[in-house]
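The values are calculated or read from the model by the stated rules, or taken from the named source; none is laboratory data. Just so it is clear, the model here is predicted, and its values are computed rather than measured. Methodologically, a virtual Cβ is constructed for each residue, glycine included, from the backbone with ideal geometry; neighbour enumeration extends over all protein chains shown.
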Amino acid sequence: MDLKRTHNIGMLNASSKGQKVIVGGWVEDLRELGKLTFLTVRDVTGVAQIVVVGEDNIKQVKDLNRQSVIRITGTVQDTKSRDFTFEIKSEKIEILSRAVHPLPIDPIGRLESNIDNRLNARALDLRNQRTLSIFKIRHHALQSIRKTLVDLGFIEVNTPKIIGSASEGGANLFSLKYFDKQAYLAQSPQLYKEQLTVGLERVFEIASFYRAEKSHTVRHLTEFTSVDIEADFMDYLDVAEVLETIVANVFEHIEKNCETEQKILEIDVKRPKTPFERITYKQAIEELGREGISLEYGDDLLDSHLRKLGEIHSGFYFLIDWPMKLKPFYIHEKDDDPLLSKSFDLQYGYLELSSGGRRLHDPNKIRARLTEQGLDPSQFEDHLRAFDWGMPPHSGWGLGLDRLMSVLTRIDNVREVVLYPRDPERLFP
Ligand code: AMO
């Protein structure tokens, strides 16, 4: 059987009148008006009205369940319908796949389904135009990020996700049996991306990483998508600027390329003003103090503190120059104050979107920091060898794509912007 289509529905419009076409998609609606039978058929690009003519065709579709897949050969013609600018008069209708009812969710969205039911039937949920819009926007965001990074001279890489030892230290690693050995799922490409600056200078990776954290919040997943970069001959504020450009370009790209999706989601995406505000950790502590939250210099900023800061600074801003003791072993100290670090977080209100900084490139300093943090330098010798091969000074960051998507779409729960989210409770589908 021939499966070809001559057109996607989105390619057709009123000026296609008279054209012979073959389109295909799923039946969204079926209406009988007197002697006429109308189908609404959708593909991923759009929706069309089909006038079913011919006794055999009418008989075929009479009891056809909605969401079944059909192929229509017909001619584009004028329509009297107010919802469409054209319709297709069918000559031939082929039923390619029958949907079995009852369906687990109503993909048209007339009946509201809760998020769990929708995630359990995710593939079908994509026929809901709201859900589809989210993932079209995600696709565009990824395209824009890749374009900006490639234009800036970064090379895309893929690093292993099955690793033999903890990449960043810490306890939040998933472990697995790797034949007769112990292995882990990577929490970040941190060590690899740093090593790769030795040969590739500036690299980026967009991939899934894993955190064994039993966090039940709208912003934590056990598998999340991270955009990571690492660049030589750049200091921490240089890579912060790269991040700012990427984020602003993503917003502009969506603003210009996703009009329909914005309408469906009732959002109005605009390129944010740059440069984003840069607030030092010290300033943040002082601002919180004025709000009646007294923190010791060196205390970490907890969720409640970030929420307060988010009230003071809406939108994007960088929190820079964190105390060294709050930062991982690979972060570089500031030249004028060794207790402070060359580091930053990118915030959107209370939400942390990214963290990054300048890295230590002296292996002996890294060994000392590992020991200070209770980690065993001998576990990192494979990594540290690369630092003797002419390691350039370098900086980088990791950006949570799912969180960025949640800011873009104004949807709080990251589960909604991930196709098959993984959290402590959800392992299927
Ligand atoms: P960090 O651990 O801060 O830094 O992670 C970077 C960004 O990744 C996102 N993120 C998450 N998103 C959803 N669910 C999670 N469980 C989760 N964990 C992290 C956040 C966060 O800001 N190696 C460093 C980055 C670097 O310095 O290059 C790192 O992993 O948006």
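Taken over the stretch 152-182, the criterion of being closer than 12 Å to ILE206 by Cβ and surrounded by 15 or more Cβ atoms within 10 Å (Cβ to Cβ) is satisfied by PHE154, VAL157, THR159. What residue, of THR222, THR245, is at pLDDT 95 or above, over 21 Å from VAL417 (Cβ atoms) and of a type in the set (Ser, Thr, Tyr)? On inspection, the qualifying residue turns out to be THR245.
If we scan the stretch 223-234, do we find a residue that is more than 19 Å from the chain's Cα centre (by Cα), surrounded by fewer than 22 Cβ atoms within 10 Å (Cβ to Cβ) and under 18 Å from LYS147 (Cα atoms)? Within the stretch 223-234, none of the residues are more than 19 Å from the chain's Cα centre (by Cα), surrounded by fewer than 22 Cβ atoms within 10 Å (Cβ to Cβ) and under 18 Å from LYS147 (Cα atoms). Being within 13 Å of the ligand (Cβ to nearest atom) and in contact with a strand residue (DSSP E or B) (Cβ under 7 Å, 6 or more places away or on another chain): is that true of PHE154 here? Considered against the rule, which asks whether it is within 13 Å of the ligand (Cβ to nearest atom) and in contact with a strand residue (DSSP E or B) (Cβ under 7 Å, 6 or more places away or on another chain), PHE154 comes out as no. Residues in the stretch 356-388 that are within 16 Å of the ligand (Cβ to nearest atom), in a helix (DSSP H, G or I) and basic (Lys, Arg): ARG369 alone. Counting the residues of the stretch 39-57 that are among the acidic types (Asp, Glu) and within 15 Å of VAL27 (Cβ to Cβ) gives 1.
Across the stretch 318-334, a minimum of one residue is classified as on the phi > 0 side of the Ramachandran plot, of a type in the set (D, E, K, R) and in a loop (DSSP other than H, G, I, E, B). Taking the condition buried (at least 16 other Cβ atoms within 10 Å of the Cβ), more than 12 Å from the ligand (Cβ to nearest atom), of a type in the set (A, V, I, L, M, F, W, C) and touching a residue at least 60 places away in the same chain (Cβ under 8 Å), does PHE316 pass? It is true that PHE316 is buried (at least 16 other Cβ atoms within 10 Å of the Cβ), more than 12 Å from the ligand (Cβ to nearest atom), of a type in the set (A, V, I, L, M, F, W, C) and touching a residue at least 60 places away in the same chain (Cβ under 8 Å).
Just one of the listed residues (VAL61, VAL76, VAL69) is under 16 Å from ARG42 (Cα atoms), under 30 Å from the mean Cα position of the chain (by Cα) and surrounded by 12 or more Cβ atoms within 10 Å (Cβ to Cβ), and it is VAL69.
Could you give me the residue pairs with C-beta distances under 7 Å whose first residue belongs to the stretch 131-157 and is on the phi > 0 side of the Ramachandran plot, whose second residue is of a type outside the set (Val, Ile, Thr) and surrounded by 19 or more Cβ atoms within 10 Å (Cβ to Cβ) wherever it lies, and which are 6+ apart or on separate chains? These pairs meet every condition: GLY153/ARG202.
When ARG358 is tested against (1) farther than 28 Å from LEU191 by Cβ; (2) at pLDDT 95 or above, exactly one condition is not met: (1).
For SER341, the stated conditions hold: it is within 13 Å of the ligand (Cβ to nearest atom), among the small types (Gly, Ala, Ser), modelled with pLDDT of 95 or more and farther than 16 Å from GLN190 by Cα.
Screening the candidates ILE93, ILE105 for the property of being hydrophobic (A, V, I, L, M, F, W, C) and in a strand (DSSP E or B) yields one hit, ILE93. Looking across VAL269, VAL239, one residue alone is within 15 Å of the ligand (Cβ to nearest atom) and either in contact (Cβ under 8 Å) with a residue 40 or more places away in the chain or in contact with a strand residue (DSSP E or B) (Cβ under 9 Å, 6 or more places away or on another chain) (or both). It is VAL239. The residues of the stretch 190-201 that are surrounded by fewer than 22 Cβ atoms within 10 Å (Cβ to Cβ), touching a residue at least 40 places away in the same chain (Cβ under 8 Å) and more than 24 Å from LEU319 (Cα to Cα), listed by number, are VAL198, LEU200, GLU201.
Taking the listed residues LEU149, LEU119, LEU132, the one that is surrounded by 13 or more Cβ atoms within 10 Å (Cβ to Cβ), touching a strand residue (DSSP E or B) at 6+ places or on another chain (Cβ under 6 Å), hydrophobic (A, V, I, L, M, F, W, C) and not in a strand (DSSP E or B) is LEU149, with no other qualifying. The selection criterion, being more than 16 Å from the ligand (Cβ to nearest atom), in contact with a Pro (Cβ under 7 Å, 6 or more places away or on another chain) and more than 24 Å from VAL407 (Cα to Cα), holds for GLY298. Within the stretch 338-355, being assigned to a strand (DSSP E or B) and not hydroxyl-bearing (Ser, Thr, Tyr) holds for LEU340, PHE344, ASP345, LEU346, GLN347, LEU351, GLU352, LEU353.
For the stretch 271-300, taking the residues that are within 25 Å of the chain's Cα centre (by Cα) and in a loop (DSSP other than H, G, I, E, B), the one that is surrounded by the most Cβ atoms within 10 Å (Cβ to Cβ) is identified as PHE276.
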